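These notes are about the structure you will find just below.
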Amino acid sequence: MGKFVPIARTQTKSYVNAFAGAMAALTGRGEDAITSLAGTLVSNFDAERAELWLWDTTSNSSHLTDFGGLKGEHRLEYVPAGTGAIGKVTANKKSIENIVLSTFGGDDMEFSRKTGLVYITAYPLLAQGQIVGVLAIYTREEAHTDLLLWWQLYAELSAAKLSNVLTFQEKDRQINKLSVLFEATRLLNSTLDLAELLELILKIARSEVKADRASVFLVDHRHNELWSIVASGLDHQEIRIPFGAGIAGRVASTGEIINVEDAYTLPFFESSFDQKLNYKTKSLLCLPIRHHSGTIVGVVELLNSQSGRFSAEDADFLSRLSGHMAMALENARLHRDALEKQRHEKELGLARSIQRRLLPPSPPVVPGYEIAVLSDPCYHVGGDYYDFLNLGPQSLLLVIADVQGKGISSALVMSNLQATLRALVMHLHSLEVLAFSLNEMLYNDSQAGKYLSLFLGLVDTRRNLMHYINAGHVPPILVRAGTGEVKLLEEGGTVIGLFPQADYRRG
C-alpha cells in the first residue's frame, strides 16, 4: 500500500459523513443492507464502478450480487476461486490495489475493453478468517493513496457488518426451514392413504428442493427389492429394483446419501432408465427414508436440480424429514393392513353364509343305515363341501369335495359345483361320466382358475353295495363291520378341473 498523503479537510469531512451514513445503512437485516455497499462507494467514495461478490460454498465460487456506477456485464456470473481478479482475491484472501484489469486476461480483459475501466482494487470480506465476499472497485485512473485508505477501511468495517447481515439471514433461513419442516410434517400426518402419502412426499420434496423429477421407493424385505407406484414428472407406473442395483438399490442397501452433479460419473448409475424414458439425468440426490429406530423403509430420489446441483442444505432438509416420512409410511401401512383385514373378515363372513346355505343341515335318514357328519373348516371357512343326493328309494349319492384355496372365491366354486352336480345327476347315471363332465366344465371355466378334489360314493341300499370314484381326494377309510378289515378307497383318477379329457375309473 502506498504512503498516506494528506488531503483537504473538506474532502475528509465528506468521506467521514459518507462513511457514517454507510455504516448506519448496514445495520439492517435485509437485502438492502447488502445492496447499499456498492452504490455508496460510487456516490461517496469516488469509485466509477463498484461490485459486491458473495461467496457461494455450494459452487465454490463468487457470485455477483450487486453493482453500482458504470454499467457493463461480465461474461461470468459465477467466478471460481483462483480465476481472474475476483477469483485471485477469493483464493488468497488478500487485497489487490490499482492493478491493471486487463493483465488478468479472459473475462477481465473483455470487461475492461467494453467499459473503458482500467484499474481494479479489490478487498476480501472476511468473517472469522473465512471468506464471505469480495468488494471490487474500478477506475479509469489510478487511485490516490488517501482514497485507498478509505476504501480499505470501508471494506474492513463492511466485512464485519456483512457478516452480521449474513448471520441474521442464515438464522431467518433456518427458522423458515423449521417452519417448512413443521408444515411438511403436518401434511404427512394428514392422510393414511398410502398412494396419497407418496404423492405428498414427492410434492414436498420437489417444492422445497426444486428438482425436475422425483421418485419414492419403498422397501420390500420379503422380496429383497424396492418398488415404486408413483413417479413425479413421469407417467405413473410401477418400478421394481433389486437391493444393491442402481442408485436407489445401493442407497437402500448401504444407507448412504448420494449427491452428485453428474450421475453418469457414477459406475453404478443405470443409464438404461434414461434411454427407456428418453430422459437425461444430470444432477442427482438420493437418500434413505430411515425410521427413528434406524431401519430403512424407503428411498427418495430427486433428479436435475433447477440450480444445477443439489446443495448440502437440500440433503439436510430431506434427512430431517426422513424420520417423519418413515413414521407416516408406517402408519399408512398399518392402516392399509387394517383395511385389508377388515375386508378379509367381511369376505369370510360372506363365505361362511354361502357355506351354511350349501351344506345340508343334517344327514338323511336311511333305513338300515346310521349316517353322521362333522365338518370343522380351516381358517373359519373354505372350500370344504359335502352333500347327500337321493337318487331314488334305493340309491344315495355321497359327495365329499375340497376346493383349492380358501375364502370367498373357493366358496363360490363350491356353490357352482353343487348346482352343476345336482343338474347332472338328473340325466347321468354313470359315475365315470359324471366325474368326466364335472372335470371338463370346471377346466373350461377360465374365470374360476380353481381345481378340487372329489369323492363320489353311490350307495345301493337294497344290496348294501357302494361304487365310488376318488378324484384326487384324501382316501376315505372303509371299515368292514364283520371282520374289522380296513380299506382305503383310492380308485378313481386325478383332481377335477386341472387337466382336460381326464379318465376316471370306479371302484
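If the limit is 28 Å between Cα atoms, which of LYS161/LYS282; LYS71/LYS94; LYS171/LYS203; LYS346/LYS450 go over it? Check vs 28 Å cut-off fails for LYS161/LYS282. Distant-in-sequence amide contacts of GLY133, defined by a placed amide H-H separation under 5 Å and a gap of 5 or more residues or a different chain, comprise TRP55, LEU125. For the stretch 29-111, the set of GluC sites (Glu not before Pro) satisfying both a DSSP loop assignment and a count of at most 14 other C-beta atoms within 10 Å is given as GLU73, GLU77. Cβ crowding within 10 Å ranks ASP337, ASP316 as ASP337, ASP316, fewest other Cβ atoms first.
For the stretch 370-493, the calculated P(r), taken from all Cα-Cα distances in 5 Å bins from zero up to the bin holding the longest distance, is 2, 9, 19, 23, 21, 14, 7, 3, 1, 0 percent.
Specify, per residue and in Å³, the volume enclosed by the convex hull of the alpha carbon atoms belonging to the stretch 36-160. Write down the numbers at each step before the final one.
On the way: hull volume 11.4 nm³, N = 125.
For the stretch 36-160, the hull spanned by Cα atoms encloses 91 Å³ per residue.
When each of GLU345, GLU313 is scored by the number of other beta-carbon atoms lying within 10 Å, the sequence from fewest to most is GLU345, GLU313.
Ranked by how many other Cβ atoms sit within 10 Å of their own Cβ, fewest first, the residues TRP55, TRP151, TRP227 fall in the order TRP227, TRP55, TRP151.
Taken together, the values in this text are just the output of simple stated rules run on the coordinates, not laboratory data. Worth saying up front: this structure is predicted, and the values here are computed from it rather than measured. Quick reminder, even Gly has a Cβ in these numbers, built from the backbone with ideal geometry, and neighbours come from all protein chains shown.
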